[in-house]
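The values are calculated or read from the model by the stated rules, or taken from the named source; none is laboratory data. Every value quoted in this text rests on a predicted model; they were computed, and no experiment measured them. When we count neighbours, we look across all protein chains shown, and the Cβ atoms used for this are built from the backbone with ideal geometry, even at glycine. Heavy atoms of the whole protein, side chains included, go into the accessibility calculation; ligands, DNA and RNA do not. Shrake-Rupley method; radii C 1.70, N 1.55, O 1.52, S 1.80 Å.
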Amino acid sequence: LVAGSGLVALAGVVAGAWFIRRLTAPLDDLTRAAEQISGGDLAAPIPRFAGPPEMATLSAALERSQGTMLEALGERSQARDWLNTLVQSVVEGVITFDRRGRVTFMSQGAEVMTGWSSAEAVGRPINDLLPPAEATHGDTFLDHLPPAGEKREIETRTRLGKSLVLAATGARMAPPGDDTVQVALVLRDVTEEHALRNLRSFFLANISHEFRT
């Protein structure tokens with residue numbers, strides 16, 4: 001009787017261990033797949049199981065979630081690329097900088113205006129890229145920025161020392177889910193327009209003087 005009870009108990013332990021292993025092995029595989037995905041391998045293969053039914057359902061649900069996530073990331077990447085192409089195609093220059101005044105983005109239009117490449121400009125203070133044409137009392141480019149939503153003409157110099165008049169419009173922006181506030185500047189080269197206005201004013205002043213004479 002004791003021997004029979006021992007054999008039955010042993011058989012129960014073996015059967016229980018086998019059953020538990022049958023349940024935990026798929027969980028271990030799914031756990032490894034989930035860790036790969038959380039580690040950045042978003043396309044990690046999801047193991048499939050014919051049974052038990054709970055494991056098969058869990059595996060299918062994880063695979064569907066992975067597909068939805070990859071689809072959403074693809075759409076987001078496509079929208080980002082389209083927006084970047086749109087910004088790069090405008091003639092006006094676009095520059096963004098953070099609270100410390102360091103450049104975080106520069107469009108191709110801004111590269112042409114300033115003489116700085118985006119790779120060189122990102123991370124540098126915007127005051128170094130666009131120094132005032134005639135700095136007095138330690139004035140910097142940031143000191144001449146217009147309030148958000150307004151436009152102001154700023155006389156500055158390019159990397160090669162060429163005088164430049166920029167019509168600048170600024171806006172504060174905060175990326176979704178991020179408390180880091182940045183400033184986006186839209187710059188338009190109005191050097192020729194500024195020169196023509198000065199010439200017209202000079203001409204009208206001379207005409208008025210001659211008429212008075």
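Brief remarks on what is shown
- Residue 161 modelled with pLDDT of 80 or more, open to solvent by 30 Å² or more (accessible area, probe 1.4 Å) and under 24 Å from the mean Cα position of the chain (by Cα): no
- Residue satisfying all of: in the stretch 51-84; of a type in the set (S, T, N, Q) and surrounded by 12 or more Cβ atoms within 10 Å (Cβ to Cβ); modelled with the highest pLDDT among these: 65
- The combined condition, being of a type in the set (Gly, Ala, Ser), surrounded by 12 or more Cβ atoms within 10 Å (Cβ to Cβ), in a loop (DSSP other than H, G, I, E, B) and touching a strand residue (DSSP E or B) at 6+ places or on another chain (Cβ under 6 Å), is not fulfilled by residue 171.
- Filtered by the rule that a residue be aliphatic (A, V, I, L, M) and within 18 Å of residue 166 (Cβ to Cβ), the stretch 102-124 gives 103, 106, 110, 112, 113, 121.
- Counted residues, the stretch 143-154 - those being part of a strand (DSSP E or B) and open to solvent by less than 90 Å² (accessible area, probe 1.4 Å): 2
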